[in-house]
């Protein structure tokens, strides 16, 4: 799927997406700061996956194009990326927003979204979200 990102000055390009082969019925935060450098965050269940070829904490070998090919749905408003302006460290606010949007988009109850499951590892080695925010 062609992913449309919301770019902000001095920030990463961000999109809110669904990748059901990884987390069904869940909206995820996908950010990109270079051609092959990206982070996929599941604020609802507390995981993140990073690809940054020049860094030792690289956890996925997949290109951004391969991740985008897994995207099934994206939040858009008037053909533009719909992304709230929140810092990545605001995990509670991101979680609240993404739970409510996931409930609306997928028409599933909150308990089903919050119960979730462990991330599927076919795209990389997921880490607890706390590690990422503590490192900032």
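Annotations
- Helical content alone sets the calculated 222 nm signal of the chain at -7500 deg cm²/dmol, taking -39,500 (n - 2.57) per DSSP H segment of four or more residues and averaging over every residue.
- Between 99, 71, 108, the GNM of the chain built on Cα springs shorter than 10 angstrom shows 108 fluctuating the most.
- The GNM of the chain, with springs linking C-alpha atoms under 10 angstrom apart, assigns the highest mean-square fluctuation among 114, 98, 45 to 114.
- Computed over segment 13-135: relative contact order in percent, which uses C-alpha pairs under 8 Å that are six or more apart: 32 percent
Throughout, read-outs are computed from the coordinates displayed, never taken from laboratory work. Since the model is a prediction, treat every value here as computed from it, not as a measurement.
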